[in-house]
Amino acid sequence: MLRDWVTRLFNGREMLHILMLSLPFLVFTSPEGRAIHPVVFCNTFTCKTRAAGLKTKFHALRHLHITYLLKNGVPVHVVSARAGHSRASITLDAYSHLLGDEDELAAKQAAKFFAALSVPIRCQQPIRAIEFKG
């Protein structure tokens, strides 16, 4: 709707392009194309989800997204940047409880790596144990 209004307002193609680059990118707008106040949007979202039988808030989608990314192996520094955190440590402080099974995964990967490297050693003579006296 906003683009239609801008197109009607400016018929020149160059002017339209310049104007579209200078406008903020709004995902959700009012029917007139104006920005919606975040509180109004969140309240509307909550009302609509409750009407659909869901008990969630808009902010919960942020946590869901971050959790999904971390559980699917996206590096913490990438998730942190997407979340708008200034440091990856902020993300780790909030979501490290989700990363508990990574130690087991790392151990399995290391075992797999070393198993692939192991080459049977063939000796002409049996190896004898040497006893050290201290």
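General remarks:
- First in region 58-74 and without any contact (Cβ under 8 Å) to a residue 24 or more places away in the chain, second anywhere and surrounded by 13 or more Cβ atoms within 10 Å (Cβ to Cβ) and part of a helix (DSSP H, G or I), Cβ under 6 Å, 6 or more apart: PHE58/CYS42; PHE58/PHE45; LEU69/VAL79
- Here GLY73 meets each of (1) at pLDDT 90 or above; (2) within 21 Å of the chain's Cα centre (by Cα) with one exception, condition (1).
- Applying the condition of being loosely packed, with under 14 Cβ neighbours inside 10 Å and β-branched (Val, Ile, Thr) to region 34-66 and asking which residue is nearest to TYR95 (Cα to Cα) yields THR56.
- Residues (assigned to a helix (DSSP H, G or I) and over 28 Å from THR44 (Cα atoms)) located in region 56-79: LEU70, LYS71, VAL76, HIS77, VAL78
- Where a residue in region 30-49 is without any contact (Cβ under 8 Å) to a residue 60 or more places away in the chain and its partner, wherever it lies, is in a strand (DSSP E or B), with Cβ under 8 Å and at least six apart: ALA35/THR29; ILE36/THR29
The values are calculated or read from the model by the stated rules, or taken from the named source; none is laboratory data. Owing to the predicted nature of the structure, the values given are computational and were not obtained by experimental measurement. Note that each Cβ is placed from the backbone with ideal geometry, even for glycine, and that neighbours are counted across all protein chains shown.
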